[in-house]
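Chemist: This structure is in structure tokens; I'll ask about it shortly.
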Amino acid sequence: MNDTPNIPVPSKIGNSDQEAFPEHWFCAAILPTGVTYKEDAESPESFRDVLAQAFTAWVDYRTEAFEKDAPLAALKIGFSEALISSLMGNSRLTYQDFDTEMGIKLPTIQIRAGEVEVHPLVVLLRKNVVLSIHPTYVDRRFVRFRRYADIFMRKIPVELPPEDRLTLLLMRIIDETNERNFEHLREIEELGDRVNEDMLNPETPRETLGPKIYEMKHALVTYMNALWQTVDVLHALRYGDAELLTDNQKLLLRMGVLEEEVNRQIALSEHMSEVLASGLEVLQTIYNNQLQSFNNRLALIMTYLTILGTAVLVPNTIATIFGSSAFNLQPDDRGWYIAMLVGSTAVATGLTFLWLRRHWASRRQRR
């Protein structure tokens, strides 16, 4: 039992993600001798002996075809088909305990082209092994943890009970996942800032604002739903009394801290939603004020046109009266007739101008 297995030399860590983790499979473990082990591979066969002897081991598997490959990967590491099928077959099921093995399903948040996408991360546990399975297209989910996994394993005291070691490893995986999820709130805030900028720009087409506001609200709702799912998982782990997990109150308190961090992110998201809603109310008020101001100007223009029309109505009325056959005007009457029309027009226009001048003066005084 104390003999160290034939351990392949781990691949070197490069600068880029592709160079660092070119393989889909990864294993980190602490052996009975206290030696840590870390390897990338295309198949779990290369570290099967390590899993059989390790005190605690973490296996991570990335795949392009998640729905198809996740059950096969779980079977290769020794988990039952019933466990993985129950988690994969029920989209609402996030926690499953079969006493000797258990599984959880965590949401992993990804933002592409302004849309919030939620993909599953399945974590399976049995005695000394933790297996995490997630899609390849989820952004660098465990890049940092893969790099330092052997150091983390070395810091776990060997004398701890197996359930304590499993719980510590599980909490670290959850913490890494949450941290990546929390980073996307900043991207959502940037999206909200661009929406606010578009709303304040008077040249932005009004028909495009509605879809943008809806997309922003939908992104927040999707993000918060994913966080609530994480809270449900953490609550189940803390109070589920699983045989594979610890009963140590100090470790359970640390699990509670993870739950509090998620609740804090939910509170920030709700606050952001309230800020967006208040911004919409302010914008609606601005639009209403602009519309009211436009209506007032239009009413003022109509008033001026009515007054001017009244001024023109005076000579028009005179011309209509004298144009009837009752007065029987002759060509010799054109002189005084034209003079009367021009004079009445001038008098009516002058009186209208004086009235408007007094009206403008009174408006300036009120301002």
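For every residue, the table says whether it meets (1) modelled with pLDDT of 75 or more; (2) outside the structural domain of L220 (by TED's automatic domain parsing); (3) in a helix (DSSP H, G or I); (4) closer than 30 Å to E197 by Cα.
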site: K250; (1), (2), (3), (4): yes, no, yes, no
site: E260; (1), (2), (3), (4): yes, no, yes, no
site: N263; (1), (2), (3), (4): yes, no, yes, yes
site: M272; (1), (2), (3), (4): yes, no, yes, yes
site: I307; (1), (2), (3), (4): no, yes, yes, no
site: G335; (1), (2), (3), (4): yes, yes, yes, no
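Chemist: What number of residues within region 156-183 satisfy the criterion of being within 21 Å of the chain's Cα centre (by Cα), surrounded by fewer than 18 Cβ atoms within 10 Å (Cβ to Cβ) and touching a residue at least 60 places away in the same chain (Cβ under 8 Å)?
Modeler: 2
Chemist: Which of the numbered conditions does L244 fail, given that it passes all the others? Conditions: (1) touching a residue at least 12 places away in the same chain (Cβ under 8 Å); (2) farther than 19 Å from L125 by Cα; (3) not hydroxyl-bearing (S, T, Y).
Modeler: Tallying (1) touching a residue at least 12 places away in the same chain (Cβ under 8 Å); (2) farther than 19 Å from L125 by Cα; (3) not hydroxyl-bearing (S, T, Y), L244 fails exactly one: (2).
Chemist: Aromatic (F, W, Y), loosely packed, with under 13 Cβ neighbours inside 10 Å and in a helix (DSSP H, G or I), is that true of Y214?
Modeler: Answer is yes for this residue.
Chemist: For region 131-148: of the residues being among the aliphatic types (A, V, I, L, M) and buried (at least 23 other Cβ atoms within 10 Å of the Cβ), which is farthest from M88 (Cα to Cα)? Please lay out each step first, then the result.
Modeler: Taking region 131-148 first, the residues among the aliphatic types (A, V, I, L, M) are 131, 133, 138, 143.
Now narrow it down to the ones that are buried (at least 23 other Cβ atoms within 10 Å of the Cβ): 131, 133.
Working: L131: 15, I133: 11 Å.
Going through the qualifying residues, I end up with L131.
Chemist: In region 202-220, which residue that is touching a residue at least 40 places away in the same chain (Cβ under 8 Å) and out of contact with any strand residue (DSSP E or B) (no Cβ under 6 Å at 6 or more places or on another chain) is farthest from V116 (Cα to Cα)?
Modeler: I213
The values are calculated or read from the model by the stated rules, or taken from the named source; none is laboratory data. The structure displayed is predicted, hence computed values, not measured ones. Cβ atoms come from the backbone with ideal geometry, glycine included; neighbour counts cover every protein chain shown.
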